[in-house]
Amino acid sequence: MRAAGKGLGVAGVLGFTLFPVYLMVVTALNGEANAGSRTLWPADWTLKNFAYVVGEGGFGRYLSNSLLVALGTVLAGALLALLAAVAVSRFRFRFRTSVLVMVLIIQMVPVEALVIPLFIQARTLQMLDTLVGLAVVYLAFSLPFAIWTLRGFVAAVPVELEEAAYLDGASWGRMFRSVLLPLVAPGLVATSVFSFIVAWNEFIFALTFMSDDQNYTVAVGLRRFFGQHATDWGAVMAASTLITIPVMVFFVLAQKRLTDGLVAGAVKG
Amino acid sequence: MTLAERTDVEPGVAPSTHPARRRGSRTARPWLLLAPALLVMGGLLLYPLFRVLVLSLQDFGLRELVSGRTHWVGLGNYAELLGSADLWTTVLPNTVVFAVVAVALTVVFGTIVALLLARLTPVVRGVVTTAIMVAWAMPAVTGTYVWVFAFAPGDGVAVQALDALGLVDAATADPFAGRLSFYAVAALNVVHHGFPFVALTVLAGLLTIPRELTEASIVDGAGPWRRFRSLTFPMLRPVFAVVTVLSTIWDFKVFTQIYLMPGGDGVNRGVLTLGTWSYVESFAQNRYGLGAAIAVLLTALLLVVTVAYLRLLFREEEL
């Protein structure tokens, strides 16, 4: 009886969690989805929706745009966050707590409040419709969380290791490179995954900033397949699958690290 | 946002136990290290926050956007906002009730899943956890489109299933037309996306409860519900507090999941939230001043929740 209850629970959770992914992939592979077929088990399995999306649909361009923006965000974010995390966890200085509280509070600010002034600012600076403009905004969004997470990783490195490096005659810079950096590498991986996902998934700024469809990122490019009257669902789901797969691979691969370091955190769009 | 769990879940990591560094006396270095990050966050998060406040006091439309002139209206936008019947009958109830219901569902469902996970063998637990990670990883944009597709009027698979159960008539039902059914679909989407965080965090907390305590309570004859109420819940109170406050913050600012649903982009005014209203007023109506005032109201609401969160954290751990 108890085992049956557990089995039922497991089946229910699996069904609920996997249903949207299943429906997405199955529709992407359904050759008749564009013709109005709505089913959980297509009669006509095909890859032609994917071929259409990447070829004629121009989704390859959006994928490479998103990849560029995400990589820019990840690289710049990792560097800036690491420097800042070292500052707040290895030094005691005036206003240190104020900086930390600001980093915390700033994560709560709704993007809806930022999109209006940043749109006007970017317009004045002629940064609208550029991938760099978008990457800079995403960098700002991912920094607070990255600093907050890395701070824990840096603090967990024993100070004795640093002191040993100094005793061996290393400068601060040398110690940073040879002792601290390798030891916080796992933390950098975790925060980089998070920054990548922020940039990859972001919708509202990409929608507002990008007007030329050559510059669309994946989240906005998807809207292309929505017609005025009829929606090309096969194409939408094929494109959605292409967007979702990298994120899922990251999540499942980094599962252990994410559940340790980031459950704690805030991986949520 | 991790620090509370760091105490609850990973008691081994205690950042504040190190004595003050002797090199800490060199005051310039920390600021040099912080400077790039502070510059980016100041310029792109703090300054815009100040700008949105200033904008909310202006009549800022297309003309001002092009000419760069300012036209102050004092509290005019706020007067219009607070005097609007839409705010009190539609937007505010939508935002608040949706957030409260979604948070309650997310936390309750996440907790039930965590309790289930804690009772599974490691292999099965691994499988279910992976499925949960898959749900968590689903981007908001694609997740929303899938739910919209499932509930598409007429032939969506979920509508057909409800029709087969005799709950709706697939020929006439449009889940996105009515306010209640619109938000029911939105809640399903938000819970699906949000419960993994709760489940995995609560599970991590559950695993820290000493087995002896559970066994002792079983010996004492406590049933499952009694054990949860008198043992699990009190021990994990900080964990529950954190997941609840964080979920509340997230669900108040839900934007993509609402905006991308049919009618959610302002076409159906009955389903506007503070977030979507602010965006539509700004970018569709070109009334950036009024949009900014709505955004300020939303930020103020969130600030109240955030203060609650911070008070909670600062009791937990010294920064």
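Ellipsoid fit via the Cα gyration tensor, segment B:106-228: semi-axes of 37, 17, 12 Å, each the root of five times an eigenvalue, largest first. Using 0.36 nm per residue and subtracting the Cα-Cα separation, the extra length available between B:Leu303 and B:Val101 on full extension is 70.7 nm. Electrostatic bookkeeping for B:Pro153 treats Lys and Arg as +1 and Asp and Glu as -1; over the other residues with beta carbon under 13 Å from its beta carbon, the sum is -3. Once backbone amide H atoms are built at 1.01 Å from N, B:Gln58 has B:Val73 as its partners under 5 Å, excluding neighbours fewer than 5 places away on the same chain. Model label points for B:Thr89 and B:Asp220, set 7 angstrom from Cα along the Cα-to-Cβ axis, are 5.4 nm apart. The label point for A:Ser98 and the one for B:Thr121, both projected 7 Å from the Cα toward the Cβ, are 5.9 nm apart. Taking segment A:49-144 on its own, what percent of its Cα-Cα pair distances exceed 24 Å? Taking all Cα-Cα pairs of segment A:49-144, the fraction more than 24 Å apart is 42 percent.
Note on chain B: with a GNM built from Cα contacts shorter than 10 Å, the maximum mean-square fluctuation among B:Met138, B:Met41, B:Met235 falls on B:Met41.
Ordered from longest to shortest, the equivalent ellipsoid semi-axes for the protein assembly as shown are 37, 33, 24 Å, each the square root of 5 times a Cα gyration tensor eigenvalue. Net charge of the neighbourhood of B:Ala300, taken over other residues with C-beta under 14 Å away and scored Lys/Arg +1, Asp/Glu -1, is 0.
Per-residue mean of foreign Cβ neighbours for A:21-29 is 3 (Cβ atoms of other chains, 10 Å radius). What is the distance in Å between the Cα centres of segment B:49-99 and segment A:96-133? Here the two parts' Cα centres lie 19 Å apart.
The Cα center of segment B:157-233 and the Cα center of segment B:244-319 differ in position by 24 Å. Within 10 Å of the Cβ of each residue in A:241-251, the mean number of Cβ atoms contributed by other protein chains is 4.
The mean number of Cβ atoms from other chains found within 10 Å of a Cβ in peptide A:84-90 is 6, as a whole number. Over all projection directions, the Cα-based convex hull of chain A averages an area of 20.3 nm².
Using R0 = 60 Å, the C-beta based FRET efficiency linking B:Val108 and B:Arg69 works out to 0.70. Computed 3J(HN,Hα) for segment A:230-245, one whole-Hz value per residue from the Karplus formula 6.51 cos²θ - 1.76 cosθ + 1.60 where θ = phi - 60°, is 10, 9, 7, 5, x, 5, 4, 6, 5, 5, 4, 4, 4, 6, 6, 4, glycine and proline marked x. By the scheme Lys and Arg +1, Asp and Glu -1, what is the net charge of all other residues having a beta-carbon under 15 Å from that of B:Phe182? It works out to a net charge of 0. Inter-part distance, segment A:180-243 to segment A:4-51, computed on C-alpha centroids, equals 22 Å.
Remark: the protein assembly as shown carries a charge dipole of roughly 1680 debye about the Cα centre, counting +1 on each Lys and Arg Cβ and -1 on each Asp and Glu Cβ. By the combined test of axial Cα extent (at least 27 Å) and Kyte-Doolittle hydropathy (mean at least 1.0), the qualifying DSSP H helices of chain B come to B:92-118, B:179-206, B:288-316. Only helical runs count toward this figure. For chain B, summing -39,500 (n - 2.57) over DSSP H runs of n ≥ 4 and dividing by all residues gives -20000 deg cm²/dmol at 222 nm.
Throughout, read-outs are computed from the coordinates displayed, never taken from laboratory work. Bear in mind the structure is a predicted one, so any value in this text is a computation, not a measurement. As a convention, Cβ positions derive from the backbone with ideal geometry for all residues, glycine included, and neighbour counts pool all protein chains shown.
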